[in-house]
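Have a look at the structure below, then the notes.
The values are calculated or read from the model by the stated rules, or taken from the named source; none is laboratory data. What you see is a predicted model, and the numbers here were worked out from it, not measured in a lab. Please note: Cβ atoms are built from the backbone with ideal geometry, for glycine as well, and neighbour counts cover all protein chains shown.
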Amino acid sequence: MTDYLVEMRGIHIEGRTDETWMPIIKGVDLTLKRGEVMGLIGESGAGKSTLGLAAMGFCRDGVRISGGSVKFDGIDLLAASAEKKRQLLGKRIAYVAQSAAASFNPAHQLIDQHTEAPVQHGVMSRTESEADAVRLYEKLRLPRPKEIGFRYPHQVSGGQLQRAMTAMAMSCRPDLIIFDEPTTALDVTTQIEVLAAIREIVDEFDTAAIYITHDLAVVAQMADRVKVLLKGDEVEENETREMLSNPQQDYTKSLWAVREFKRPAKPAPATDATPVVSVQGVTAAYGKVDVLHDVSFDIHQGRTVAVVGESGSGKSTTARVITGLLPPRLGQIELDGEALPLDYRKRSKDQLRQVQMIYQMADTALNPRKTIGEIIGRPVEFYGGLKGRAKRDRVAELLEEIELPAKQYLDRLPSELSGGQKQRIGIARALAAEPKFIICDEVTSALDQLVAEGILRLLARLQDNLKLSYMFITHDLATVRSIADEVVVMKDGEVVEQGPKPEMFQPPHHPYTDLLLSSVPEMDPDWLTNLLHERGVENIGDAAMQKMD
Amino acid sequence: MSAWLWIVALLAGSLAVGWLGRFAAQKATGNKPVYRDMPLAVAFGYALGVALLALAVWYYFQPTVQETGVANAGVMFFRWAVHGFFGFAVAAWLFRLLGRSLGTAASRKLFRQMPLTAAFGILVIIIYAVTAIFAGLLAPHGQAEVFAQANIVPGGNPALGGNPDFPLGTDQIGRDILSRLIYGAQNTVGIAFATTLIAFFLGGSLGFLAATLRGWMDQLLSRAVDVLMAIPSLIFSLLLITVASAWVSGFGLTVAMVLIIAVIDSTRVFRLARAVGMNIVVMDYIEAAKLRGEGLPYLIFKEILPNATAPLLAEFGLRFCFVFLTISALSFLGLGIQPPLADWGTMVKDLSAFINYAGFAPLAASVPLLAAGAIALLTVAVNFVVDWMLQRSSGLKE
């Protein structure tokens, strides 16, 4: 008899595509002791979620476990009857999904959903379970634990919802919880609260957990052991500290090295040079509510200005104002020293051409019914007036520019490309207009780290060759470190601090910049512990707010 | 014992057999997961299905003529239905087989992935289209030609009151029903198709326009559509056609009818196009096109329309059937396609009295059912094809 809580041996999982079964997981072993936290890490498509779900003996529609065995506490999950599984799932094995907002039923109060599992499984009565929910909410440091349960999911914030979901997973005191990227959709400052809460409660109840993520720094805080997956195969597995300090495989090393991309600093622009784009005292409103207050900054030729802040800070709204989609109430935008009409409909074709945009979600930014050739060809034809052969040649040239072979890609649809390739097509479409200035709206946040790094390198190279200016909207400070020349920090629609990058990353900071900077997870496994200690462990949320005041 | 008791006995028996069968299968296969996790309801379903199948086979082989000499109409109609079902299934299968071995590589691939229902639908639509286009050549007689022999029973068997010259019989004033069915395809289907196209052009472009522009234009169009939709469509079209008949007659009235039905049906298309368009205009690629400075026609026809084809196509199939039924209903009421032009709706109306003989003279009663069957068959076929197209374009598997 082994002492493993979960024992998966030689797992093979296949997914169905076009009448054939393609392997997703190719013979992976996974063992987990009681109270141990295992980090599963890899790029999207590596099969981490599929493997995580298989630990529950479950697979999604169109997917099947074709080989191997899954034992939970000595029970063979693959051979277990549906009834037997029903008794285990929810009670002894729980699951926390990536998007708590999509996983809660919006029509019921949190407490109703919380108490469902314990009552159904006969663990507790409804009243006991409600009292227990309040205790768990307290432990997870949710504000007003007695009342928050009676709210509906849309009445609490994303970070709180994710903690409520963790509380719900804990409701039956399971032996195993599977966390599927629980903090990926959250801001850095919110992420910390959720990470700290999860880690504490898992420690306290000695729950075993499988923690799925693509963020190395997060896994370093959470896991006792880390397993790296690549395309359905295990690359390596080791103790977290050992893995971080001494990775064995090349792939792991490349993952670790991703965040080291840094551009050499550029000389400061001449003080009297006319900026390419100048945002001057912009105040903008959606309806009657002002969302931007007196925002001003300049972007000089060949330089990258990173605009950072949490979601809701007004970064994307600033971009909408510059492009003319949202005419501001006060202030103006200058291009090369000339004021641009505030509404994009009033701008000339040439003015529109000069300002291009690259979007966060390449999926929605490319028309799914058009081929790559048509997507890139349209601005070439529209602005350059090129037709026929000249247009085809120009498109091929642009594809070369973004490092995709033209022959293979011209006639493909966006759905036939990977996430990174789609983002490259977005870049090519912007380049096709031959602009001076490009707005990059969170262009790397939906991508895996290795792919994101490739995109950043490409953007840097294009800037050097074509003397482009970028406004780089992001919430990821690692990206800022690697690509920015100047940094603008925004909060609640206001610029709180701005300056050249080297200055911005040196103290003294504005307190909000400090909070942002210190919230970015680092690869050091002790980082979270130290940080919490530093901020005062009582309530991290409060501590953050106090620092602000 | 009354029929209700028989039904209850059948259900109870199926439940018992289902339970026993599942139990036996569990024992026999050593508790295989398939049988172990099978809910009782599923086992009951299997048992009931087998019982109904057996009942159908038994009923099929009942004699068609009772001992008293009266025809057993139920059995005859049932046999026709079974023959029709299997006949079309075999025809569709052969058609698909043909498509798989002939034509270009692309068309062969298309046929290889095609479900049998879609093959059936395409086959039926092709038959209807050919019939409609070559009606003048195919029909043995003219659509308005009146013969001396009225009320001849279909089947062409003189012993049962038929006549080989008129295989589907003649109507109450002696016109050949086969010829009128063939010409009816031309009139009814052609007019319905034209009407649907106009409705889609009108409703689709206005709907996308409203979705793209929003603001007062959207309000104006949407409220106008609300007003039109508030009036029951059949009564509204009756009213408008009656009004129109004060100015025009004959062919002009048919054109007026096409336009009236197109406008009334375009309101439904407008709603759909607007809703679909709203979801598309918020996409980043539309924003990118707007910021590029693209004009409205490019946005609507090049960016939005290609992404809205799947739902519009599905709606087209349904809308075509509805328009078709509306025209038939109007003809039935005497306001649609005017005599002596043949139209299926009118044919059903004119011959509907014969349905009363269904109990003892199934052949005579089938006369109005022929036109009704032609309508039903096309409706089913169009929907099968649309379902298949939807599945292909949305990438849904299984």
Is region B:250-266 home to any residue that is within 14 Å of chain A (Cβ to nearest Cβ) and either assigned to a helix (DSSP H, G or I) or not acidic (Asp, Glu) (or both)? no
Condition check: of a type in the set (Gly, Ala, Ser) and either part of a helix (DSSP H, G or I) or modelled with pLDDT of 85 or more (or both). Does A:ALA265 satisfy that? no
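Check A:ARG412, A:ARG378, A:ARG369 and return the single one that is in the same structural domain as A:VAL480 (by TED's automatic domain parsing), assigned to a helix (DSSP H, G or I) and charged (D, E, K, R).
None of the other options fit; the residue is A:ARG378.
Yes/no per residue for (1) of a type in the set (A, V, I, L, M, F, W, C); (2) within 14 Å of another protein chain (Cβ to nearest Cβ); (3) touching a strand residue (DSSP E or B) at 6+ places or on another chain (Cβ under 7 Å):
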residue	(1), (2), (3)
B:TYR285	no, yes, no
B:GLU294	no, yes, no
B:PHE322	yes, no, no
B:THR326	no, no, no
B:GLY334	no, no, no
B:ASN356	no, no, no
Given (1) more than 8 Å from every other protein chain (Cβ to nearest Cβ); (2) farther than 30 Å from A:SER519 by Cα; (3) surrounded by 18 or more Cβ atoms within 10 Å (Cβ to Cβ), where does A:ILE358 come up short, assuming only one miss? (2)
Which listed residue, of A:LEU450, A:LEU468, is surrounded by fewer than 17 Cβ atoms within 10 Å (Cβ to Cβ) and either among the aliphatic types (A, V, I, L, M) or not assigned by TED's automatic domain parsing to the domain that holds A:GLY419 (or both): A:LEU450
B:LEU137 at pLDDT 90 or above, outside any loop (DSSP other than H, G, I, E, B) and not β-branched (Val, Ile, Thr): no
Within the bounds of region A:403-426, is there any residue that is away from every other protein chain (no Cβ under 14 Å), among the polar types (S, T, N, Q) and more than 30 Å from A:GLY312 (Cα to Cα)? yes
Among all residue pairs at least 6 apart or on different chains, which show Cβ distances below 9 Å where the first residue, located in region A:392-418, is surrounded by 14 or more Cβ atoms within 10 Å (Cβ to Cβ) and the second is aromatic (Phe, Trp, Tyr)? A:LEU399/A:TYR409; A:LEU417/A:TYR409
Considering only region A:66-91, state which residues are more than 28 Å from the chain's Cα centre (by Cα), more than 13 Å from chain B (Cβ to nearest Cβ) and either in a strand (DSSP E or B) or buried (at least 16 other Cβ atoms within 10 Å of the Cβ) (or both). A:SER66, A:GLY67, A:GLY68, A:SER69, A:VAL70, A:LYS71, A:PHE72, A:ILE75, A:LEU88, A:LEU89, A:LYS91
Condition met for B:LEU318 (aliphatic (A, V, I, L, M), part of a loop (DSSP other than H, G, I, E, B), away from chain A (no Cβ under 14 Å) and out of contact with any Pro (no Cβ under 6 Å at 6 or more places or on another chain)): no
Test of understanding: among A:LEU366, A:LEU352, A:LEU398, which residue is under 28 Å from A:VAL277 (Cα atoms) and more than 9 Å from chain B (Cβ to nearest Cβ)? A:LEU398
Considering region B:329-344 alone, what residues qualify as being at pLDDT 80 or above and assigned to a helix (DSSP H, G or I)? B:ALA329, B:LEU330, B:SER331, B:TRP344
B:THR170 β-branched (Val, Ile, Thr), within 22 Å of the chain's Cα centre (by Cα) and either more than 30 Å from B:ARG271 (Cβ to Cβ) or surrounded by 24 or more Cβ atoms within 10 Å (Cβ to Cβ) (or both): no
Among the residues of region B:297-309 satisfying the criterion of being within 11 Å of chain A (Cβ to nearest Cβ) and surrounded by fewer than 18 Cβ atoms within 10 Å (Cβ to Cβ), which is nearest to A:TYR344 (Cα to Cα)? B:TYR298
Among strands (runs of 3 or more DSSP E) entirely within region A:284-339, at least 3 residues that are among the acidic types (Asp, Glu) occur in A:289-299
Got a sec? Which of B:MET229, B:MET217, B:MET257 is surrounded by 16 or more Cβ atoms within 10 Å (Cβ to Cβ) and on the phi < 0 side of the Ramachandran plot? B:MET257
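Show me the helices (runs of 4 or more DSSP H) entirely contained within region A:467-542 in which 3 or more residues are among the hydrophobic types (A, V, I, L, M, F, W, C).
Helices (runs of 4 or more DSSP H) meeting the threshold: A:477-483, A:511-519, A:527-535.
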Residues located in region A:18-55, provided they are aliphatic (A, V, I, L, M), outside any strand (DSSP E or B) and modelled with pLDDT under 85: A:ALA46
Run A:GLU237 past the list (1) buried (at least 18 other Cβ atoms within 10 Å of the Cβ); (2) in contact (Cβ under 8 Å) with a residue 24 or more places away in the chain; (3) more than 23 Å from the chain's Cα centre (by Cα); (4) assigned to a strand (DSSP E or B) and report the number of the one that doesn't hold. (2)
Looking at A:VAL202, A:VAL188, A:VAL194 in this structure, which one is within 18 Å of the chain's Cα centre (by Cα) and crowded, with 20+ Cβ neighbours inside 10 Å? A:VAL194
